[in-house]
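What follows is one structure encoded as structure tokens, with my remarks underneath.
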Amino acid sequence: MTIPNYEQAMLPVLKVLAEHGARPRRDITDAVAGIFNLTDEERQRLLPSGQFPVILSRVGWALSYMKQARLVEPVKRGVYKLTDRGREVLASNVSSIDADYLERYPEFREFQNRTRESTSEATPSSAAGSGSEPPAIIQSPEEALEAAYSQLRSTLQAELLDSVKAGTPGFFEELVIDLLVKMGYGGSRPEAARSVGKTGDGGIDGVIDEDRLGLDVIYVQAKRWESTVGRPEIQKFAGALQGQRAKKGIFITTSTFSREAEQYAQRIDNRIVLIDGGRLATLMFEYDIGVNPRSSYVVKHLDNDYFEDT
């Protein structure tokens, strides 16, 4: 039997979790491979990069997409369980699950919209006023590669944010310190650790050097929240800045800021930078916090100057 694609793996993944409870991704993959009667050669077949089994990758994508639809959820790193919504899907006796099926859930539609927005610049526009998406065949290979990269990045950033939210407050403190140091703040890692996370108000509340010489400082506060951060929280932060005689601040949250909070931050004299969950995930991706490169592709163009005199 051929290796299933990620959509074909979705329903079997749910059935495995329903039967066996929470399981690591590799255990889920082994069970799905058994359901499809894959041979040892098929189980061990690698992606073109030669670094990752095909079946493990496809089950991983199935889990990732169904997690966005809230059919499964992680209980800890790499371990997934079935949600109540996932049980309802199984109870409905569906014959298959694919991306179109997942579109019925608002969380998945929101995820798809974010993905489409991130790939829109890499996708050729359709005829003016047609309102329809162009067939993929009109994309050049390079455009298709860029669109695929954008989709991979969008999915990974969503995974990053979910992982941050699932971590402990102490882990969040370490993450923010690592990110700020990678971005050039706080001097060395030990110096930053001495100054951040020491006053503690349920998140991070401290001072970090703006540069390695300590010519100026930045007040940092972070909240690992699910709910929207409103204007009152930013007002409290601004008051804390005044109490510290600080002129600059960074407010980091795993959720979002209300429009009123953003407008208030823009109007006050103190310089306050707001970093919501989406931007946090983007910065983590850009500065290699919580991610590792798996494969690199160099896109080359013909050097016309080289052949000019031939």
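The values are calculated or read from the model by the stated rules, or taken from the named source; none is laboratory data. All values reported here derive from a predicted model rather than from experimental measurement. So basically every Cβ, Gly included, is an ideal-geometry build from the backbone, and we count neighbours across all protein chains shown. Heavy atoms of the whole protein, side chains included, go into the accessibility calculation; ligands, DNA and RNA do not. Shrake-Rupley method; radii C 1.70, N 1.55, O 1.52, S 1.80 Å.
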Check your understanding: How much accessible area per residue does the range 46-89 have, in Å², with a 1.4 Å probe?
Key -> 47 Å²
Review point. What order do you get for 165-178, 81-94 when each peptide is scored by the mean count of other beta carbon atoms within 10 Å, highest first?
Key: 165-178, 81-94
Practice item. Go through 15/165; 76/165; 81/223; 223/247 and tell me which ones have a Cα-Cα distance over 18 Å in this structure. Key: 15/165; 81/223; 223/247
